[in-house]
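For reference, the structure discussed in these notes is given below.
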Amino acid sequence: MAARPGAKAEKARASIALACSICGARNYKTTKARRPGLELLTLKKFCRDCNAHTQHIESK
């Protein structure tokens with residue numbers, strides 16, 4: 001089978017889940033670069049379980 005045109009770009013990114021730092025619920029999925037030495041991704045997002053904007057930290 002032939003490779004898809006965007007296959008190289010997909011291998012350069014890793015799929016991750018974002019978990020709420022307060023309740024631990026995994027509310028969001030996103031991607032990030034697969035470079036060694038990168039810190040954990042931390043974003044301030046809305047958690048529907050806490051009903052507030054909280055820090056969401058990268059989880060596996």
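The values are calculated or read from the model by the stated rules, or taken from the named source; none is laboratory data. From a predicted model like this one, the values you see are computed outputs, not experimental measurements. No Cβ is skipped: glycine too gets one built from the backbone with ideal geometry, and neighbour counts run over all protein chains shown.
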Filter the stretch 45-60 for residues that are out of contact with any Phe, Trp or Tyr (no Cβ under 9 Å at 6 or more places or on another chain) and farther than 9 Å from LEU18 by Cβ; the one that is surrounded by the most Cβ atoms within 10 Å (Cβ to Cβ) is CYS47
Based on this model, can you work out whether THR31 counts as part of a strand (DSSP E or B) and at pLDDT 95 or above?
no
